[in-house]
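Below: the structure, in structure tokens.
The values are calculated or read from the model by the stated rules, or taken from the named source; none is laboratory data. What you see is a predicted model; the values in this text were computed from it and never measured. Every residue, glycine among them, receives a Cβ derived from its backbone with ideal geometry; neighbour counts consider all protein chains shown. All accessible areas refer to the heavy atoms of the entire protein, side chains included, with ligands and DNA or RNA removed. Shrake-Rupley method; radii C 1.70, N 1.55, O 1.52, S 1.80 Å.
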Amino acid sequence: MEKKKRKPYVVPGPPVTSEEIVRIFKLSPERVARLTALVESTPGLHDSSAKIIRDHKLKALCAGS
Amino acid sequence: MSAPAVFLNAPYDKEFEPLFLAYIVGVLGFGLIPRAALEIGGTGNRIDRIVGMIKGCGLSIHDLSRVELSSRPPHLPRFNMPFELGMAYFYSLSSTSHECFIFDCDDRQFEKSLSDLKGVDPYSHGSDVGRLFSQLLRAMTAQELKPTSHQMTAVYMQVKDRLPGLLSDSGSDSIFHARVFEDVVFAATSLWTARQVKSRSNQP
């Protein structure tokens, strides 16, 4: 029997943001700050990436407050 | 408008942790929000809440690769994954806003264990993280984001590196705890966001 081939699912809508994750999981500001500190210290992470992560932490903290 | 969510229906056992982490990283690469029944506690009407979660997701991924007899006695098959697939599949028939994807270790196992779905093409990952990423890329595409298998692997390795810290922070030894799951999702989202922002700023 021939298998039903499907076309790839096209993801609608904008990509998820850190702010959205904070809202969905109701992450506290302390938890967001701790997680961000952990992520931005990932070995090999470029300084510019760490800065972006820090900037988005501020947005995420605003979303959670 | 918010990003669509994906219901991850997968086995919660230690051997499956690398693949579960890969699903989280992979679906976030497409900008989707991973959700899982482990977020729901054991109290109250669990099944109703799982149905509610499935209905709140635009798609669901059902991994049937470990529908097998438990290793410890009593040796019983694991019904949760096929049961949740059945609920999501039925819901997808009546809703234009829900898609089901079936993943398995290999095609033959799937045909034997769930012959009712003969004719459906499962995505076989062979229990390999790299192959799982390839299959996710085969199953879906995003309008805004163009994740590659290489990028998925890079983010996966970064999250994997941070996992001991996340587990220690939660006092847990498993990713299959609500708090660890949420922390992993946040960490992976941050790492993907950094890549996406850099990629946009590098575009002419």
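Some notes on this structure:
- Some residue of region B:116-123 being among the aliphatic types (A, V, I, L, M), in contact with a Lys or Arg (Cβ under 9 Å, 6 or more places away or on another chain), closer than 19 Å to residue A:57 by Cα and within 11 Å of chain A (Cβ to nearest Cβ): no
- Residue list for region B:1-52, filter: assigned to a helix (DSSP H, G or I) and more than 24 Å from residue B:190 (Cα to Cα): B:14, B:15, B:46, B:47, B:48, B:49, B:50, B:51, B:52
- Residue match in region A:9-31 (condition: within 7 Å of chain B (Cβ to nearest Cβ) and of a type in the set (Lys, Arg)): no
- Residue within region A:48-59 that is charged (D, E, K, R), closer than 30 Å to residue B:101 by Cα and either at pLDDT 90 or above or part of a helix (DSSP H, G or I) (or both) present: no
- Subset of region B:1-53 [open to solvent by less than 10 Å² (accessible area, probe 1.4 Å), among the aromatic types (Phe, Trp, Tyr) and away from chain A (no Cβ under 14 Å)]: B:16, B:20, B:23
- Members of region B:64-91 found to be within 16 Å of residue B:116 (Cα to Cα) and either modelled with pLDDT of 90 or more or basic (Lys, Arg) (or both), listed by number: B:64, B:81, B:82, B:83, B:84, B:85, B:86, B:87, B:88, B:89, B:90
- Number of residues in region B:111-142 that are aromatic (Phe, Trp, Tyr) and more than 18 Å from the chain's Cα centre (by Cα) equals 0.
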